[in-house]
Amino acid sequence: MGTTRTGERESDRAVAAVWRHESTRLIAGLVRMTHEVGLAEDLAQDALIAAVEQWAESGVPDNPGAWLMAVAKRRAVDHFRRAETLRRKTEELSRDTPESHVPDFAAAVDYIEDDVLRLMFMTCHPILPTEARVALTLRLVGGLTTTEIARGFLAKDATVGQRVSRAKKTLTEARVEFDLPTGRERRERLAAVMGVIYLVFNEGYSATAGDDWMRPALCEEAMRLARVLAQLAPDEPEVHGLQALLEIQASRTAARTGADGGPVLLLDQDRSRWDRLLIRRGLDALDRADRLDAPVGPYVVQAAIAACHARAARAEDTDWARIAGLYDVLGQVAPNPVVEVNRAVAHGMAFGPVAGLAVLEPVEAAQTLAGYHLLASVKGDLLRKAGRDQEAKAEFERAAGLTGNARERDLLIARAEEIS
C-alpha cells in the first residue's frame, strides 16, 4: 500500500531538513574523491532524488548522511564506468576498502570537517570573480538553491545559475586542487573566505537595492557559515572576530526597523529589543579571539567596536572615545576610504563635528567615494551638528539620489525635509 499525501509531505520535509544539514559535507567529500566540483554536486543531487523517492516508503534511515554518501558513491562508480575510466577512478574511490567499490561512510569520517574547510577554500578561490565566489559558496557550502540565492540578491535565477555553472567550469578547467593551502597562501585564501561571508552578511544587513531595508535570510546564512568556519579553524583569531562581529551586529535586527518597515538608526534604537543571546555569543567569540596570541586583524577590531555598542545600556552611555581609538587602529590595519567614513562618525561623536569633518576632508579630496551615498549622509549629519544647515540639507538630498535602497532613500529625504 502506498503512502498517504500527509506521509509524503512529512517525508519531503525530512529530506529537506537532512539535505540542509548534510549537503555541504556530502558535496565536500565527493569533491575530494572525484576532484570535480560539478560532478560532485550532480552526484549529491542524484542521491537527494533517490532519498525523495525511497524515504517516503522506507522512512528516514538512522544515519541519513551515510545513506546519501553510499548512494552518491555508487552513482560515482556508475559514472566512471560509463566514462571508461573505471579502473583508475574506482581505485581512488575505494582505496581504503579494496574489497568494495563503495567504501563504508565511517571509513571517511576523519576527512569530513577538513573536507568542508577545503570546499570553502575552493568556492572562494581567487581565480573566480567575487559574484561567482558568493554564488558558489552559498550554493555548495550554504546549501541554498539557485532561486534562494537569486531572491536574496534580487537577481534573476538564470543569472545566478550562469554564475554557478561558469564558476564550476572555471575550477575544473584550471585544475584547482582540493587541498588546504599553507603559509601565506592559506592566510590569503582564508581572508577571501571571510570576505565572502562578510559580503553576504552586509547585503542582508543593509540591502544595497530594492524596497526592503534588510534581508534577514542572508544575515542568518552568513552567521551560520561564520560559525562553521570558527569550528573548522579554531586557532585563527580573525575567524572568531568575524563570528563575533556578525553575531553582535545581527543582535540589533529587530530594533533596526520601525512599525512601518522603515529604518531606525543605531542611536535611536530601542535597545531592549536587541537579542541578548546573540550579544552573549558574540562577546564569547570575541573573548576567544582575544585569548589567541596573534596580531590584531580587522574583524577583531570591528568586533571590539560592535562590543562597545552592545555593552552600552543607553545610547548616551556609549564610550565614543574608545570607539574612535579603535577606528584609528582599524584605519592602520585595514586602511580604506569606507573605514575613514566610519572613523569620521566616531571622531564626530567623541570630539565634536569639526573633528569628524576633518577626518572626511582627505576622503572627499581623493574622490574614490564620489558616488558613495553614506559619505554624503555622514557629511550631512556632521554639518547639521555643526550648525551648517543648508549645506547639510544639500548633502542629505545628494545621498538620497545616490542610494539604491528605497527605504534608505525615504529616510534621507525626510532628514533633508526636516531642515527649513
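If neighbour count is taken as other Cβ atoms inside 10 Å, put 127, 27 in order from fewest to most.
127, 27
The list (1) 21.3, 68; (2) 24.7, 84; (3) 51.7, 162 gives values of Rg and Dmax of the Cα atoms in Å, and only one came from this structure; which label was calculated from it?
(2)
Taking R0 as 30 Å, what's the FRET efficiency between residue 21 and residue 276 from their Cβ-Cβ distance, rounded to 0.05?
0.65
How high is the relative contact order of segment 198-318, in percent, with contacts defined as C-alpha pairs under 8 Å that are six or more residues apart?
Relative contact order comes out at 26 percent.
Taking 0.36 nm per intervening residue step and subtracting the Cα-Cα distance, what contour gain separates residue 391 from residue 165 on full extension?
76.5 nm is the gain from fully extending residue 391 to residue 165.
Ignoring everything except DSSP H segments at least 4 long, calculate the 222 nm mean residue ellipticity for the chain; use -39,500 (n - 2.57) per segment, divide by total residues, nearest 500. Working shown, then result.
Numbers: 19 runs with 288 residues, N = 420.
After summing the helix terms and dividing by residue count, I get -22500 deg cm²/dmol.
Roughly what angle does helix 5-34 make with the longest principal axis of the chain, taking Cα atoms, 0 to 90 degrees, to the nearest 10?
Tilt relative to the chain: about 90 degrees.
Starting from the Cα of residue 315, move 7 Å in the Cα-to-Cβ direction to define the label point; list residues of segment 170-207 whose amide nitrogen is under 17 Å from there.
none
Once amide H atoms are built 1.01 Å from N in the peptide plane, which residues 5 or more positions from residue 257, or in another chain, come under 5 Å H to H?
264
What's the longest piece of the chain with no exposed trypsin sites (Lys or Arg not before Pro), counting a site as exposed if DSSP puts it in a loop and it has at most 13 other beta carbons within 10 Å?
Working: sites that count: 95, 156, 175, 314.
By the stated rule (loop sites, at most 13 other Cβ atoms within 10 Å), 176-313.
Compute the helix-to-body angle for 64-82: its Cα long axis versus the longest principal axis of the chain, expressed 0 to 90° and rounded to tens.
Tilt relative to the chain: about 60 degrees.
Which Cα, out of 24, 239, 355, lies furthest along the positive dipole direction of the chain (beta carbon charges, K/R +1, D/E -1)?
Towards the positive end, the residue furthest out is 24.
For the chain, what relative contact order do you get, as a whole percent, if you take Cα pairs closer than 8 Å and at least 6 residues apart?
The value is 10 percent.
Just grab the label-to-label distance for residue 60 and residue 284, each label 7 Å out from Cα along the Cβ direction, in nm (one decimal).
2.5
Between helix 112-123 and the chain, what is the angle of the helix's C-alpha long axis to the longest principal axis, kept within 0 to 90° and rounded to the nearest 10?
In the chain, helix 112-123 runs at an angle near 60 degrees to the longest axis.
What is the order of 351, 178, 153, fewest Cβ neighbours within 10 Å to most? Present the calculation step by step, with values, prior to reporting the outcome.
Details: 351 15, 178 19, 153 23.
The fewest-first ordering by Cβ neighbours comes to 351, 178, 153.
What order do you get for 165, 272, 251 when you list them from fewest to most C-beta neighbours inside 10 Å?
Fewest-to-most ranking of 165, 272, 251: 272, 165, 251.
In the chain, once you exclude exposed GluC sites (Glu not before Pro) (DSSP loop, at most 13 other Cβ within 10 angstrom), what's the longest stretch remaining?
178-417
Here, each number is a calculation from the coordinates, and none is a lab measurement. Fair warning: this is a prediction, and the values are worked out from it, not measured in the lab. Quick reminder, even Gly has a Cβ in these numbers, built from the backbone with ideal geometry, and neighbours come from all protein chains shown.
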